[in-house]
1. Using 0.36 nm per residue of separation minus the Cα-Cα distance, give me the extension gain between ARG306 and ASP440 in nm, one decimal.
2. On the first, second and third principal axes, largest extent first, how far apart are the outermost C-alpha atoms of the range 1-127 in Å?
3. Which lysines have a Cα less than 22 Å from the Cα of LYS187, not counting those fewer than 8 places away in the same chain?
4. If you count, for each residue, the other Cβ atoms within 10 Å and average over each peptide, how do 242-252, 91-101 line up from highest to lowest?
5. I need the fraction of alpha carbon pairs in the range 95-195 separated by more than 19 Å, rounded to a whole percent.
6. Could you compute how fast the range 345-468 diffuses translationally, taking Rh as the Kirkwood radius over C-alpha pairs and applying Stokes-Einstein at 10 °C with viscosity 1.306 mPa s? Give it in µm² per second.
7. Mind checking Rg over Rh on the range 291-342, alpha carbons, Kirkwood formula for Rh?
8. For the chain, what Kirkwood radius comes out of the mean inverse Cα-Cα distance, in Å?
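Bear in mind that the values in this text are calculations on the coordinates, not laboratory data. In this text, all values refer to a predicted model and were calculated from it rather than measured experimentally. Glycine also receives a Cβ, built like all others from the backbone with ideal geometry; neighbour counts cover every protein chain displayed.
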Amino acid sequence: MNKTFIDNNFLLRNKYAQELYHDFVKDLPIIDYHCHLPPVEIAENRSFENITQIWLNGDHYKWRAMRTIGVDEQYITGGASDRDKFRYWAKTVPYTLRNPLYHWTHLELLRYYGIEELLDEQSAGKIYDQTAEQLKQPAFQCKSLIKKMNVEAIGTTEDPIDDLRYHKIIKDSEFKTVVSTAFRPDKAVLIDHAGFNGYMDQLEKASGIEIRTYENLCEALTQRLEYFHERGCRLSDHGLNQVSYAAFSDQEITSIFYNKRIGKELTPSETEKYKTAILLFLGRNYHRLGWVQQYHLGALRNNNQRMLGLLGPDTGWDSVGDYPQAEKLSKFLNALDAGDTLTKTILYNLNPADNEVMATMIGNFNDGSSKGKIQWGSGWWFLDQKDGMEKQLNTLSNMGLISCFIGMLTDSRSFMSYPRHEYFRRILCNLFGQEIENGDLPKDMNWIGKIASDICYHNAKEYFNFNT
């Protein structure tokens, strides 16, 4: 049997890194402030029949790797048995060498199931059976898995039309982990999408407000904001190519929205003006409510139209976009700041070429009103691997204050993703440890250990109002 290479000092290259990790951050709770876990599965404390259901279903990171190695779609999202799907994933794993999936796979098998064996085609059957037996136990239901990873708070992501019923069930239960939500109004922002008017009809039903004018829309969104706020929401989130900014008049926005509702085609200029107006409206309301706003920028989504038609969105056909970010983002944040309505803000970039843009942009609007008010979020999606994290940490250190950083999140739909926080913590401690060894940082382990623990837990604890 080939045992895993992951030992106690995985990724920790010297004694200083090891001390920082083991003595200061290893056992800290997790605040996972942005993810896509299904609240219904937490509320109902779902049990999974096998590892394919909990680990492969919905994981487009794994799906992309399997397609690349030549696995037929029937063994990925198709009708093959769960055992066969796992076998094909296991067959793929050795070929993910140097992809973060290789590290994550073995870290997750070790932390959740105690499996030290490397996953490949030969070990697949044994591991499938072993994990299936474990998954029958109450310790492997959703709530127990969250508790096992010492997760203190979770921020899921919901559309404004969601009734948040499962969040209420969780809150009213004896479950100790706080499960909050983020308000994700993208469908109300993206007026150029084909389904916009259909979504307006859904928003009408959820809010109880007929939406025929832009003023009606603002009333409906305000109603949903208040609804979410009353149920504990203190976060918003936007997934955009780029933040919009164009000069507009109220009369123009009224006309643009009316024309869209009666089926007229809008010009790119009109679309940009509408997006600017609605984003500013939302941003000012987030400030009024005391929320944190998040902007995930730069994904080029649904590139493969043939496969989108077959499988739908979020199935592995997205990539890094090369949209200009700096100028419009600056104008947008400045417009909010000018009226003193810029709330706490987290910016995430998907294109690594924008690292320096984000690292310096946040400094323009950190006004001393709170620690790290404007944040550059952790490496996201294609950048949430070792190299991406190190580049993000180094750039933020060079151009901002790494000591104010709010750390890692999972951004995942999987209950087996929490070792990504451990992965981040090891990478962070190794960066500090190497510089201590090089003489670039002092050998003041208590001080640097405090900074590391702040980044991994305490800053996020202070930044978010999760009522933990």
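1. On the way: separation 134, 0.36 × 134 = 48.24 nm, distance 5.21 nm.
Net length gain for the segment: 43.0 nm.
2. Sorted from largest, the Cα extents of the range 1-127 read 49, 38, 25 Å.
3. Correct list for LYS187: LYS205, LYS260, LYS264, LYS273, LYS275, LYS328.
4. Values: 242-252: 15.6, 91-101: 17.3.
So the order, starting with the most tightly packed, is 91-101, 242-252.
5. On the way: 3152 of 5050 pairs.
The proportion of pairs with Cα distances above 19 Å equals 62 percent.
6. On the way: Rh = 15.1 Å.
Rounded, D is 105 µm²/s.
7. Working: Rg = 16.0 Å, Rh = 13.5 Å.
With Rh from the inverse mean 1/r over Cα pairs, Rg/Rh is 1.18.
8. Numbers: mean 1/r = 0.0424 Å⁻¹.
Evaluated over the chain, this radius sits at 23.6 Å.
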